Amino acid sequence: MEQRHLGRTGLRVSRIGLGTLTWGRDTDEHDAADQLKAFWDMGGTLVDTADVYAGGEAERLLGRLLGNLVPRQDLVISTKAGSVPDPYRRFDGSRGHLLAALDASLRRLGTDYVDLWQIHAFDPGTPLDETLQALDLAVSSGRVRYAGVSNFSGWQLAKAATWQLAAPGTRTRLACTQMEYSLLQRGVEREVLPAALDLGVGLLPSSPLGRGVLTGKYRTGTPSGSRGASEQLAPFVEPYLDDAASSIVDAVATAADGLATTPLQVALAWVRDRPGVVAPVVGARSAQQLTEALSVEALSLPDEICQALDDVSAPVHRYPDQDWSTL
């Protein structure tokens, strides 16, 4: 699998990442092992998790597989901190919480460092410089190799990345931002992506298959066993089951028919090759499903297909979004 630099850093990662959102909850250890082995066998390196996935069980499961199944040094392990199970405070970006969460993640993962550590979301209740200092301390202590953020808006990302660049050698450059990005969700193109491109921050798209909807599996209803049929994840999928999404899914299916491939591969190839994108993070229910996603390595979409998909899914840009002056 092709390797790409993560932002303007020396770290290289596979251009498809493996997500672990369902590990330890809907994906058991046997299935997780099959996925990780298939991913590694096909040249994948970036494995993405978070301290809140399955209440920490995703990290524990990944930790049990590291070394025994796949050499630790062959993987780029990424985890996140900052989300908290508190209905009154969803995010805690305080230095104390973040550093304690990092130590807990390292224990669950059974490793003394993570390759990439991300702030899971912006915390308006904590000064941003305090949040970012946690990244600097984590890197300087050797517990973290590279740092990034996740779910930051355009102005939040620009402020954070610029703050870090203001003291080179003292503060840690942001390597990446992780955001939802797909043919069904192109909101990052308004402000986040322009900021990332300008500041040398790589984009790691989450939900690159539109929460599974872009695979086409929901075109005739909600199949049993799918995330849309899950009590816990149905509300996550439901927003992309409207008429606007259906027209985009139909266009993806038409393109797939013309290219003798699958809607999954068309949708994934589209987002993988967008400007600024480093590695879409794919979550799968099985090794077979993951292998289908990874086979996109051999696919490059023709320009006319890309243009048609761009047109049918184009987001509305209005003042004062990026390039508003041309409207």
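Kirkwood's formula applied to the C-alpha pairs of region 1-119 gives a hydrodynamic radius of 14.7 angstrom. Taking every DSSP bridge with both residues inside region 114-211, close to 5 percent are antiparallel. What translational diffusion coefficient, in µm²/s and rounded to a whole number, does the Stokes-Einstein relation yield for region 223-313 at 20 °C and a viscosity of 1.002 mPa s, taking the hydrodynamic radius as the Kirkwood radius over Cα pairs? So the translational diffusion coefficient is about 149 µm²/s. Working note: Cα gyration tensor of the chain, eigenvalues times five, square-rooted, sorted largest first, giving semi-axes of 29, 24, 19 Å. Bridgeable lysines around Lys80 (alpha carbons under 24 Å apart, same-chain partners fewer than 8 residues away excluded): Lys37, Lys159.
Computed in the context of the full set of protein chains, the accessible area of region 39-181 at 1.4 Å probe radius has 52% of its extent on carbon or sulfur. Take the Cβ atoms of Arg64 and Glu130, set R0 to 35 Å, and the FRET efficiency comes out at 0.55. Taking a ≥ b ≥ c as the square roots of the Cα gyration tensor eigenvalues, with a/c under 1.5 meaning rounded and otherwise prolate when a/b beats b/c, else oblate, which class fits region 102-216? Oblate.
Peptides 58-65, 30-37 ranked from most to least packed, by the mean per-residue count of other Cβ atoms within 10 Å: 58-65, 30-37. Per residue, region 58-175 exposes 43 Å² of accessible surface when a 1.4 Å probe is rolled over the protein heavy atoms with every protein chain present. In summary, region 73-119 shows an alpha-carbon radius of gyration equal to 1.23 times the 2.2 N^0.38 Å reference for compact globular proteins. R0 = 25 Å: FRET efficiency of Asp198 with Ser140, Cβ-based, nearest 0.05? Computed FRET efficiency for Asp198 and Ser140: 0.40.
In the chain, a dipole from Cβ-located charges (positive for Lys and Arg, negative for Asp and Glu) runs towards its positive end, and of Thr262, Leu62, Ala308 it is Leu62 whose Cα lies farthest in that direction. Protection proxy ranking for 266-277, 296-307, using the average of other Cβ atoms within 10 Å per residue and placing the highest first: 266-277, 296-307. Note on Ser224 and Gln3: the model spin-label points, each 7 Å out from Cα along the C-beta direction, lie 4.5 nm apart. If you look at the Cα atoms of region 7-74, you get an Rg and a Dmax of 12.0, 37 Å.
For region 95-130 versus region 148-174, the inter-centroid distance based on Cα atoms is 15 Å. One decimal place: the segment Ser295-Asp26 gains 94.5 nm when fully extended, by the rule 0.36 nm per residue minus the C-alpha distance. Considering only DSSP beta bridges with both partners in the chain, what is the antiparallel share in %, to the nearest 5? Bridges in the chain are about 15 percent antiparallel.
The values are calculated or read from the model by the stated rules, or taken from the named source; none is laboratory data. Please read these numbers as outputs of a predicted model, since none were measured by experiment. Here Cβ is always computed from backbone atoms with ideal geometry, including for glycine, and neighbour counts include all displayed protein chains. Just so you know, the surface numbers come from the protein's heavy atoms only, side chains and all, with ligands and any DNA or RNA stripped out. Shrake-Rupley method; radii C 1.70, N 1.55, O 1.52, S 1.80 Å.
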